[in-house]
Every structure is written in structure tokens, then in C-alpha cells.
Amino acid sequence: MAIFDLFSKRQKRLRGEFPDVYQYENIVQSFRVQVVHIVKATIGEESSYRCRASDIYRRIHETLCREYGVFYLRQNADTNFSAVFDYFLNEEDHEKCLDIIELTFRIIDRYVRAHEWEFRDAIGVSQTPGQAIDELNARFKEAGIGYQFESGELIRVDSQYVHSEVVRPVLYLLGKSEKYAGVNDEFLSAHEHYRHKRYKECLNDCLKSFESLMKAIHEKHSWSYNKNDTARKLISSCLTNGLVPDYLQTQFSSVRSLLESGVPTVRNKEGGHGQGTMVTSVPEHLASYILHLTATNLLFLGNCEEQYS
């Protein structure tokens with residue numbers, strides 16, 4: 001369903017009342033209600049007889065109960081839909097609310113999309129999985145909640161510009177080729193750690209994805225390398241084999257320095273080795289910087305590989 005630019009919205013924009021900075025822990029009630037509307041319009045309403053919608057809501061409910069170690073989310077609920085989404089509307093833990101959104105939309109993205117024709121005539125269905133995900137992401141922005149649903153997961157967003165110009169394109173690039181499956185998993189894992197404030201683990205997976213991309217490129221072009229090669233050696237080999245065109249190497253003489261001193265160095269200093277007797281802490285702003293620097297490097301090298309001949 002299309003998002004309507006209501007009079008009240010336009011007035012809020014004129015008054016500057018829409019949030020300029022994202023927040024991550026206040027899942028406002030109006031947004032929660034909008035999510036429920038999207039889900040019902042995409043999966044359909046649960047009926048008294050066995051149907052696809054009923055199966056999906058039961059699957060969501062059972063998965064959450066098993067993971068949370070409980071028998072039900074809401075006592076005496078009439079349906080699985082009510083159990084899940086009444087819980088969602090009233091839960092104070094923002095991460096559990098995000099759990100429900102991610103799980104539900106992952107099923108929409110994968111299962112409902114694959115069986116879309118079976119849902120077209122279901123009760124209450126009025127939009128496709130693609131439209132549902134687009135609306136969810138638009139509602140996140142509208143509410144000033146810093147998440148987007150990309151590649152089957154909720155990704156934390158610090159800057160909408162960086163997300164749209166760097167993170168989304170690199171997820172698209174990694175997702176369209178099977179040879180980058182491992183890179184994609186590691187990069188998404190870095191985002192998952194970042195969302196849960198596990199910043200050391202975030203840095204580790206950033207470096208893993210960076211090195212894995214270069215190894216995948218080496219394997220694709222049958223370039224010689226050692227499985228245990230460091231990022232420095234892999235970068236040097238990529239440049240030696242002409243992955244970065246000569247004219248770019250000349251124009252951007254600091255490419256090698258930028259790549260070598262970016263992700264690997266910060267990861268090694270802050271998150272890659274034993275911390276000794278002193279407990280080290282990786283600050284959020286550093287993890288954010290490295291996460292986005294990794295995305296930029298992955299996109300740059302991936303695009304260079306696509307142009308390589």
C-alpha cells in the first residue's frame with residue numbers, strides 16, 4: 001500500500017518536527033501499529049481453518065517461544081497472530097521488538113516471496129513482499145528509528161546517506177554472486193555485532209570480510225596466494241595483478257596506504273589480539289567508522305573486479 005503524504009505530515013515537516021538524528025531504543029507505538037498493518041496486508045489474516053497465514057503465524061510464535069524459553073508469548077491468546085503481535089505492541093524490551101520485526105520480515109522476504117501467488121487471494125492481502133519491505137524501511141525513516149531491513153536482516157543505520165550510497169550497494173554486489181557468499185555473511189555478522197554493541201567482534205568480522213573478498217577475487221582469477229596471507233599481502237597482490245587500473249594507481253597514489261592502514265590496522269590495535277592485563281574497550285564511534293570504511297573498501301574492490309579484464 002502506498003504511503004500517503006497527509007496534510008499533518010506536511011505540516012510537521014514545515015515545522016521541522018521530523019527527527020534529524022536516528023535513535024535506536026524507543027520503538028514508538030505508532031510505528032508498531034504500522035508494522036502490524038504491513039504484516040496483515042502481506043501475509044493475510046489468520047482464519048479458523050488451516051491456511052498459509054495461520055501456518056506462518058504459528059511458525060513465528062513457536063520460534064520466538066523456543067528462543068525465549070517460554071511456552072507462550074501471551075496467555076490465553078485466541079490465535080498465534082494475537083499472541084505474537086499483542087506481545088509486540090506491549091513489550092518494553094526494544095531488542096525483542098526488533099526480533100519480531102526481523103523474523104517476520106525474513107519470512108516475508110523468503111517464504112512469502114517464493115510462494116507469492118498463493119497469498120494473492122488470501123483474506124486481507126493487498127501488497128507484495130517487496131512493497132512490504134519498502135514500506136517498513138520508509139516507516140523506520142519516518143519514525144526516526146535507525147534501522148533498515150536489507151538482505152534478510154535488520155541493519156543499523158547511522159547515516160542515511162552512507163547507507164544508501166555505500167552499505168546498500170555493497171550488500172547488492174555481494175548478494176548477487178555465490179562466490180561472495182562468505183564475504184556477505186561476515187559483513188552482515190559485523191553489522192549484527194554492531195547492532196548489539198559487541199564492538200570488538202564487529203572489528204574482527206570487518207577484517208574477515210575484507211580479507212575474504214580479496215581471497216575470493218584471487219580464486220576467481222587463479223592468482224597465487226596463501227590461505228594464511230594477511231590483508232597487507234592480499235592488497236599488494238591485488239595491486240600487482242592490476243585489479244586497480246594503472247591510471248587509478250597513479251591518480252590515487254595513496255590507495256595502497258589507505259587500504260593497508262584502514263581496517264586491518266585499527267582491527268589489530270583495538271580488537272584483534274589479546275588485551276593483556278588491561279581491559280580494552282572499543283568505542284562505538286570507532287566501530288561505526290571501521291564498519292563504514294569496510295563497506296567502502298568492499299564496494300571499491302568489488303567494482304574494480306567487475307571492470308577487470
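Exactly one condition in (1) modelled with pLDDT of 85 or more; (2) part of a loop (DSSP other than H, G, I, E, B); (3) not aromatic (Phe, Trp, Tyr) is false for Val244; which is it?
With respect to (1) modelled with pLDDT of 85 or more; (2) part of a loop (DSSP other than H, G, I, E, B); (3) not aromatic (Phe, Trp, Tyr), Val244 is out only on (1).
Out of the range 119-168, which residues are under 24 Å from Glu25 (Cα atoms) and in a loop (DSSP other than H, G, I, E, B)?
If the condition is that a residue be under 24 Å from Glu25 (Cα atoms) and in a loop (DSSP other than H, G, I, E, B), then Gly144, Gly146, Ser151, Gly152, Val157, Asp158, Ser159 are the ones that fit.
Mind checking which residues of the range 109-148 are of a type in the set (Asp, Glu), more than 22 Å from Tyr161 (Cα to Cα) and either surrounded by 18 or more Cβ atoms within 10 Å (Cβ to Cβ) or within 18 Å of the chain's Cα centre (by Cα) (or both)?
Asp109, the sole residue that qualifies.
Considering only the range 169-212, state which residues are part of a helix (DSSP H, G or I) and small (Gly, Ala, Ser).
Gly175, Ala181, Gly182, Ser189, Ala190, Ser209, Ser212, listed by residue number.
Could you figure out which of (1) farther than 19 Å from Val33 by Cα; (2) surrounded by fewer than 20 Cβ atoms within 10 Å (Cβ to Cβ); (3) among the β-branched types (Val, Ile, Thr) isn't true of Thr79?
(1)
Right, Lys269: outside any loop (DSSP other than H, G, I, E, B), charged (D, E, K, R) and modelled with pLDDT of 85 or more or not?
No.
Within the range 177-188, does at least one residue satisfy the condition of being under 13 Å from the mean Cα position of the chain (by Cα), surrounded by 20 or more Cβ atoms within 10 Å (Cβ to Cβ), modelled with pLDDT of 85 or more and polar (S, T, N, Q)?
Within the range 177-188, one or more residues are under 13 Å from the mean Cα position of the chain (by Cα), surrounded by 20 or more Cβ atoms within 10 Å (Cβ to Cβ), modelled with pLDDT of 85 or more and polar (S, T, N, Q).
The values are calculated or read from the model by the stated rules, or taken from the named source; none is laboratory data. If you're wondering where the values come from, they're calculated on a predicted model, not measured in any experiment. When we count neighbours, we look across all protein chains shown, and the Cβ atoms used for this are built from the backbone with ideal geometry, even at glycine.
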